[in-house]
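**Student:** If you scroll down you'll find the structure; I have some questions about it.
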Amino acid sequence: VRTSISRGVRSVVAAAAGMTLLAALAACGSDDDGPTSSAGSVTAEGVDDGAELTLWTRAPLELQAKALVDAYNAGHRNQVKLTIVPNDDYVSKVGAAAGSGDLPDLFAADIVYVPNWTKAGLFADITEHIGTLPYADKINQGHLAAGTYQDHRYVLPFVLDLSVVFYNKALYREAGLDPEKGPATLDEFKQHALAVQKLGRPGTYGTYFGGNCGGCNVFTWFPMIWASGEEVLDAAGTRSLLDGAAAQQVYATWRELQNAGAIAPGARDETGATWVAAFQEGKVGVMPYPATLLPTAAKTVDVGVSPIPGVTGGTSTFIGGDGVGISKDSRKNAQAWNFLSWLTSEDAQVGVLAANDSTVARTDLVDNRYAAQDPRVATVNKVAASPQSRTPVAVNFQQAFNAPGSPWVTLLRNQVFGDPASLAKDNAAVTDVLGQ
Amino acid sequence: VTVAPPATRDAPARRPPVRRSPARRARSRAGWAYAAPTAAFVLVFFVLPILLVGRMSVSDWSLFAGNRGWNAPANFTAAVDDRLFWPAVWFTVKYTVVTTVILLCLALGLALLVQESTRWTGVLRTSFLVPSALGLASASLLFYALYSPQSSPLDAPLRALGIADGPVSFLGTPGSALWSTVALIVWRFAGFYMLLLLVGLQNIPAEVYEAARLDGAGPVQTFRHVTLPLLKSSLALCTILCVTGSLLAFDQFYILTKGGPDNSTVTIVQLVYNMAFQGQNDLGRAAALSLIVLAALLVINAVQFRGLRGKED
């Protein structure tokens, strides 16, 4: 009997010890307070002293990130070590690292998540650093605004990804459309898609979209609304305006295309994983598309590029892609700034990004030697500077729009596949989440 | 046939009242040493995480901002009040019932099919078991391609057979998404449960069947009154594994449907994941829901054990 009592006592003691250890662990996790301030004065170039810097980004930007890092490493004593994380794992990986204080020196973030992450204090303040750049006012304003929290700046553009209309020139020719002219209005977009559909070629369709993918349609439908002169969010990013007249026109257009059978099958279940595939296989006539994929798509398809139009004209784009900043956990702020400073330089913007058919993030570099070679790239660069182009800013953007099963996904599915009369209710549900 | 295990025989009266002998103490120390690695493993990878989850569940703990202090029981009420909580519970239960019934019936059928040793049993057993060698995530990706309207190789045969007249939307409606996922799970796990049941079948002594035959029992009677009762413990094991596994379903839905269409295939574990990493970014709430799931699982398994044991006696 005695042994069993002492065993009981022992297990209680062990459990208590475990609890104590746990509490200690928990305390460790929560004791980081704020960014480390960089010592010394802030310069435009930062420090290039051979430090090793870590950089995280997500897989869709692998091509551009690798090109940038290789070019930087070749010309600097600092060396950047790049880690590419699968898209779907990125938020959880960054979250876990932020909790344990293990964020890399630099990390990129989908620009629509940036307001949330800056508010949570994941980035170090680089207001002063950005102020030292002579071309600070030429840097893409959409990205800068998304990375501004309470008048402090935390993020610079890493890679811009814009939405534009891609069309298949071969299919356009076959359908009797002008292969040098993409749709200039929403109605033309519909007519072009229907014309390609009318070819009646098995396996070839007018257009395509991600019917179960919030992010895809934020990226491609919002510009149609902006180009028509309407907004999708109020200035504070807490109220949804997705029930306006132009928005309804956009939904009606897609609904009509769906009913006409002009949307490739699978749109209804498309979660975004194969959203861009059908066009690259030459099976789709015309669809709004990520501009960063121009080099990829051009390998298999004769691609025409035009800006996303509004109901009666106008042009707009979703200035997406990733912003990049110095993490709160970095102890090498001056060295990390050296990378960021170089990133916005002409060497990087034109010499690396434009050379790889990516969009430049500075308005003064839009007309560069590479854009002159390919009018499609020039089109993309130009629309980035259109006054109707936007980067929407909302703290709860992910939850309201991008997350699977978000209220925005419900809204768009009802508009295209279900009962369009639910618009007011669905729009209110988006506002509910934005305002939380 | 009943032989009581030796341990219960000499247990009560004969325990020595004095302290243990040195030899016994050494042996017990060795026992502790042998168990230590496992104990350490369980402590680090099971006990500590559970305690941490407990701590999170009563704290305002955001993914990015970390722990911001106690808030019990706000996380629990918020988790249950989530608009997807009851739909997810209902869907998970429905999925579990459907999967368990289909899987076990099919696995039993397969086991009976390959029970006898004939020329083909080796080939059949292997081919039924092969899908089990594939990771669930890989299998899900395989089926994702199979179900994709753009690349599905199923399209042409279905059309040729006149079953479909256009591209089939395997994941496009709540019903088709559920059944498509069940098909994947049945394909992936039927062989595994077949193996478990096969072992049970082969443990039934041949004499019992002979006696039944001498008594004039037909194949149906033999199955009902001999095979099923003697297979009960194997079936119980399979049921518990299958129910627990299905209640915790995540990978297959995460890859195939992401909970869509229209949130119709959000399982309870997926809801935990969504709370933690998909927008709400609220680890506290996700932890609270995890604990609710854990408690439910404990209750369900206790009921199952009791029910199955009761029937055996």
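The values are calculated or read from the model by the stated rules, or taken from the named source; none is laboratory data. The shown structure was predicted, so the numbers you read here are calculated from the model rather than taken from an experiment. Every residue, glycine among them, receives a Cβ derived from its backbone with ideal geometry; neighbour counts consider all protein chains shown. Surface accessibility is based on the protein's heavy atoms, side chains included, excluding ligands, DNA and RNA. Shrake-Rupley method; radii C 1.70, N 1.55, O 1.52, S 1.80 Å.
**Student:** Express in % the proportion of alpha carbon pairs of the protein assembly as shown at distances exceeding 43 Å. Walk me through the intermediate numbers first.
**Tutor:** Details: 110849 of 280126 pairs.
The calculated P(r) of the protein assembly as shown puts 40 percent of pairs beyond 43 Å.
**Student:** Please list the helices of chain B that count as membrane-span-like by this rule: a mean Kyte-Doolittle hydropathy of at least -0.5 together with Cα atoms stretching 18 Å or more along the helix axis, each helix being a complete DSSP H run.
**Tutor:** Values: long enough: B:22-42 (29 Å, -0.19); B:85-113 (41 Å, 1.86); B:174-202 (40 Å, 1.39); B:232-247 (22 Å, 1.41); B:283-312 (43 Å, 1.06).
Helices meeting the span and hydropathy rule in chain B are B:22-42, B:85-113, B:174-202, B:232-247, B:283-312.
**Student:** Taking only C-alpha pairs under 8 Å that are 6+ residues apart, what is the relative contact order of chain A in percent?
**Tutor:** Working: 842 pairs, mean separation 106.1, N = 436.
Rounded, it is 24 percent for chain A.
**Student:** Expressed as a whole number of Å, what is the distance separating the alpha-carbon centroids of segment A:147-206 and segment B:221-268?
**Tutor:** Computed from Cα coordinates, the inter-centre distance equals 45 Å.
**Student:** Amide H neighbours of A:T54 under 5 Å, counting only residues 5+ apart in sequence or on other chains, H built in-plane at 1.01 Å?
**Tutor:** Amide H neighbours of A:T54, under 5 Å, 5+ apart: A:K81, A:D105, A:L106.
**Student:** Please list the non-local residues whose amide H lies under 5 Å from the amide H of A:V164, H modeled 1.01 Å from N, same-chain partners needing a gap of 5 or more.
**Tutor:** Under 5 Å from the amide H of A:V164: A:Y289, A:A291.
**Student:** Still on this structure: Lys/Arg Cβ at +1, Asp/Glu Cβ at -1, dipole of chain A taken about the Cα centre: which of A:G46, A:T317, A:V366 is farthest positive-ward?
**Tutor:** So the residue we want is A:T317.
**Student:** With a 1.4 Å probe and every protein chain kept in, tell me what percent of the accessible surface of chain B is carbon plus sulfur. Walk me through the numbers before you get to the answer.
**Tutor:** Values: 12070 of 17740 Å².
Summing carbon and sulfur atoms, their accessible area is 68 percent of the total for chain B.
**Student:** Using a 1.4 Å probe over the heavy atoms of the protein chains, calculate the carbon and sulfur portion of the accessible area of chain A as a whole percent. Let's see the in-between values first.
**Tutor:** Details: 8820 of 16900 Å².
Here carbon and sulfur together make up 52 percent of the probe-accessible area.
**Student:** Which lysines have a Cα less than 27 Å from the Cα of A:K198, not counting those fewer than 8 places away in the same chain?
**Tutor:** Partners within reach: A:K169, A:K181, A:K190, A:K283, A:K299.
**Student:** Treating cross-link reach as a plain straight distance, find the lysines whose alpha-carbon is under 27 Å from the alpha-carbon of A:K138, omitting any fewer than eight places away in the same chain.
**Tutor:** A:K66, A:K119, A:K328, A:K332, A:K382
**Student:** Now, a different point. Calculate, for segment A:310-432, the solvent-accessible area per residue in square angstrom, rolling a 1.4 angstrom probe over the heavy atoms of the protein chains. The partial results should precede the final answer.
**Tutor:** Values: 4030 Å² over 123 residues.
Solvent-accessible surface per residue comes out at 33 Å².
**Student:** Run lengths n ≥ 4 of DSSP H only: what is the helix-derived mean residue ellipticity at 222 nm for chain A, with -39500 (n - 2.57) per run over all residues, to the nearest 500? If you can, show how the numbers build up before the last one.
**Tutor:** Values: 17 runs with 177 residues, N = 436.
-12000 deg cm²/dmol, from helical runs alone.
**Student:** Return the sequence-ordered ³J(HN,Hα) values of segment A:56-71 in whole Hz as given by the Karplus equation 6.51 cos²θ - 1.76 cosθ + 1.60 applied to θ = phi - 60°, using x for Gly and Pro.
**Tutor:** 10, 8, 9, 4, x, 9, 3, 4, 5, 4, 5, 4, 5, 5, 4, 5
**Student:** Averaged over every viewing direction, what's the projected area of the C-alpha convex hull for chain A? Give it in nm², one decimal, please.
**Tutor:** Numbers: hull surface 105.7 nm².
Its average projected convex-hull area is 26.4 nm².
**Student:** Now for a separate question. How much accessible area per residue does segment A:135-181 have, in Å², with a 1.4 Å probe?
**Tutor:** On the way: 1880 Å² over 47 residues.
Accessible surface, normalised per residue, equals 40 Å².
**Student:** If you don't mind, there's one more thing I want to ask. If I take the Cα coordinates of segment A:65-149 and project them onto the principal axes, what are the three extents in Å, biggest first?
**Tutor:** Taking max minus min along each principal axis of the Cα atoms, segment A:65-149 gives 36, 33, 21 Å.
**Student:** So what is the 222 nm mean residue ellipticity for chain B from helices alone, if each DSSP H run of at least 4 adds -39500 (n - 2.57) and you divide by all residues, rounding to the nearest 500 deg cm²/dmol? Could you put the intermediate results ahead of the total?
**Tutor:** Details: 15 runs with 203 residues, N = 313.
Helices in chain B give a 222 nm mean residue ellipticity of -21000 deg cm²/dmol.
**Student:** Assigning unit charges at the beta carbon (Lys, Arg +1; Asp, Glu -1) and nothing else, what dipole magnitude in debye, to the nearest 20, does the protein assembly as shown show about its Cα centre?
**Tutor:** Details: 57 positive and 59 negative charges, 809 e Å.
Result for the protein assembly as shown is approximately 3880 debye, rounded to the nearest 20.
**Student:** In Å², rounded to the nearest 100, what is the total accessible surface buried by chains B and A against each other with a 1.4 Å probe?
**Tutor:** Working: alone 19310 and 18430 Å², together 34630 Å².
In total, chains B and A hide about 3100 Å² from solvent.
**Student:** Okay, next question. Give, as a single signed number, the net charge of other residues whose beta carbon lies under 10 Å from the beta carbon of B:D60, with Lys and Arg counted +1 and Asp and Glu -1. Walk me through the numbers on the way to the answer.
**Tutor:** Working: positive: B:R68, B:R285; negative: B:D282.
For residues surrounding B:D60, the net value is +1.
**Student:** While we're here: Can you bin chain B into rounded, prolate or oblate? Criterion: square roots of the alpha carbon gyration tensor eigenvalues sorted a ≥ b ≥ c, rounded for a/c under 1.5, prolate for a/b above b/c, oblate for the rest.
**Tutor:** On the way: a/c = 2.20, a/b = 1.05, b/c = 2.10.
Verdict is oblate for chain B.
**Student:** How many Å² of accessible area per residue for segment B:198-296, probe 1.4 Å? Write out the running numbers ahead of the final one.
**Tutor:** Details: 4140 Å² over 99 residues.
Ligands and nucleic acids excluded, the figure is 42 Å² per residue.
**Student:** So which lysines can B:K232 reach, going by Cα to Cα under 26 Å and dropping same-chain residues fewer than 8 places off?
**Tutor:** B:K94, B:K311
**Student:** Could you tally the net charge around A:F318, taking each other residue with its Cβ under 10 Å from the Cβ of A:F318, Lys/Arg +1 and Asp/Glu -1?
**Tutor:** That sum, taken over residues with Cβ under 10 Å, equals 0.
**Student:** Local charge sum around A:A59 (other residues, Cβ-Cβ under 15 Å, Lys/Arg +1, Asp/Glu -1)? Don't jump to the answer; show the numbers that get you there.
**Tutor:** Numbers: positive: A:R58, A:K66, A:K93; negative: A:E62, A:D88, A:D89, A:D110, A:D161, A:D322.
My count for the surroundings of A:A59 gives -3.
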